[in-house]
Every structure is written in structure tokens, then in C-alpha cells.
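Here's the structure we're looking at; comments come further down.
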Amino acid sequence: MQALADTAAGLILFHNGLWGAPTCYMWAGPDGSAAGRVPPWECEALDRLRWRKLISAPSGAGVEDVPVVPTEAGLAALRAQRAHAA
């Protein structure tokens, strides 16, 4: 759920590998630019969320990193988890 919460907070970017680095997830800095690689364990969680259609990470055609966003289903899962925790 932490990876989903990080996505909802706008902290995750998707790098499509066009400027030399491999395809990967990046942390978003305060200005929205890449601020470092997301650790492998969170990348695995993000891949599972993407496969389950709880997040959307389009692989744009340009050199810019693309924000990863929760889908409606992902937002509903977050709301349910927060309600359960309260």
C-alpha cells in the first residue's frame, strides 16, 4: 500500500529509457523532475500495482519522465485501506 500511497502523493515518475538509462521508476523531486531511482522492492510493488491496474504509468515517447498516477480502482483501494485503519 505504501507504493500506492507514494503514487497518489505524486512522488513517482516513470522513465522510459530514452536518454541512456534503463526503463525504471524514479522519485519525483519538489520541482517534479527526477530525484533518484526508486529502490527495487518498491519497483516490484509498483509493477504489481500496474499489472493489477491500480496505477497507470504511460511510457511516453519523449525524453521527459512521466508521472505515475493511481487509477480510480487504485484510489478506491487507498480509501478502503484508510477507512479500515481508522
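The values are calculated or read from the model by the stated rules, or taken from the named source; none is laboratory data. All values derive from a computational prediction rather than experimental measurement. The area values use the complete protein model at the heavy-atom level, side chains included, leaving out ligands, DNA and RNA. Shrake-Rupley method; radii C 1.70, N 1.55, O 1.52, S 1.80 Å.
Compute the long axis of helix 72-85 from its Cα atoms, compare it with the longest principal axis of the Cα atoms of the chain, and write down the angle in degrees, 0 to 90, nearest 10.
On a 0 to 90 degree scale, this one is about 50.
Over the stretch 2-85, what relative contact order in percent results from Cα pairs under 8 Å that are six or more residues apart?
Relative contact order here is 32 percent.
Roughly how tilted is helix 40-51, in degrees to the nearest 10 and between 0 and 90, from the longest Cα axis of the chain?
70
Excluding ligands, DNA and RNA, what is the solvent-accessible area per residue of the chain at a probe of 1.4 Å, expressed in Å²?
Numbers: 5230 Å² over 86 residues.
Per-residue value: 61 Å².
Semi-axes of the equivalent ellipsoid of the chain: what are they in whole Å, largest first, if each equals the square root of 5 times a C-alpha gyration tensor eigenvalue?
Whole-Å semi-axes of the equivalent ellipsoid: 23, 12, 11.
Of the heavy-atom accessible surface of the chain (probe 1.4 angstrom), what whole percent is carbon and sulfur?
Within the chain, the accessible surface is 61 percent carbon and sulfur.
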